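These notes concern the structure reproduced below.
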Amino acid sequence: MHTPQRPTGAVFNRMISGAAYMPDAECVAQTKRIHAATVLAEEHYARGEHAQAMHVYRENLGHLGEHSHIRPGARFDYGVNTYIGDGSFFNFDCVFLDVCPIRIGSTVLVGNNVQFLTPTHPLNPVDRAAYWEGGEPITVEDNVWIGGGAIILGGVTIGKNSVIGAGTVVTKDVPANSVVVGNPGRVVRTLDENERPAHPHPYSAESLEEARAFQSEHSE
């Protein structure tokens, strides 16, 4: 596994711990580094060189697992604090403000314009005007689907197999196997892996069996 170049200074380490901090030159240099890497990745993508684009991300993110894919428009604060498992997919224009670690599991599906926001600022106006910052980490467990335009706030863990509806603002932890919608997000349903819609829904057991047969017949 490749280990990216990452800052090692006291301020950066304080930042990722969640303590109050003020960015220093080393932090700023890292934001410039990940911006340049993102531009390079998108240049590869524009030429149809998708594997090369993902290689650039693997060289610069904390981790990008095998067979994971990030479509163009992704933006990172630091990059090295974002960790993504295997087989996950991110549609266009996702935002990763990774002041604190963002840890995303395997086979996670993320719609377009989803935002992962770890930074915090003081509520006190005097302290905020002094440019103090902080952060809280985000964890997304395996096999989660996050719909387009959702916002995931710092300090949140989303449990495995959960579904976050499009446009949802997730402000607190989500139990595993939950469907969450709204602003603020609320659990509206618990999922059962043995439950499927009735036929003729395209995701019914019968429809998926037909789809598997079709895929097998037409796969190269």
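The values are calculated or read from the model by the stated rules, or taken from the named source; none is laboratory data. Treat the numbers as computed from the prediction; the structure is a model and nothing was measured. Glycine gets a Cβ as well: all are built from the backbone with ideal geometry, and neighbour counts include every protein chain shown. Each accessible area value is taken on the protein alone, full model and side chains, heavy atoms only, with ligands, DNA and RNA left out. Shrake-Rupley method; radii C 1.70, N 1.55, O 1.52, S 1.80 Å.
Rounded, prolate or oblate, given the Cα gyration tensor of the range 117-220, with a/c below 1.5 counting as rounded?
prolate
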Surrounding net charge for residue 10, when Lys and Arg each add one and Asp and Glu each subtract one, Cβ distance under 11 Å: -1
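Please give the per residue accessible area of the range 41-133, computed with a probe of 1.4 Å over protein heavy atoms only, in Å².
45
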Amide H to amide H, which residues 5 or more places from residue 146 or on other chains are under 5 Å from it, using H placed in the peptide plane? 109, 110, 111, 164
Determine the sum of side-chain charges near residue 26: Lys and Arg each +1, Asp and Glu each -1, restricted to other residues whose C-beta is under 13 angstrom from that of residue 26. +3
Could you work out how far the C-alpha centroid of the range 85-139 sits from that of the range 167-210, in angstrom? 23
Carbon and sulfur: what percent of the chain's accessible surface (1.4 Å probe)? 54
Shape category assigned to the range 45-204 from the gyration tensor of Cα positions, a/c cut at 1.5: oblate
Of the listed peptides 141-150, 48-57, what is their order by residue-averaged count of other C-beta atoms within 10 Å, with the highest listed first? 141-150, 48-57
How high is the FRET efficiency from residue 14 to residue 66, r the C-beta distance, R0 25 Å, rounded to 0.05? 0.15
Share, in percent, of DSSP beta bridges within the range 56-154 that are antiparallel, nearest 5: 10
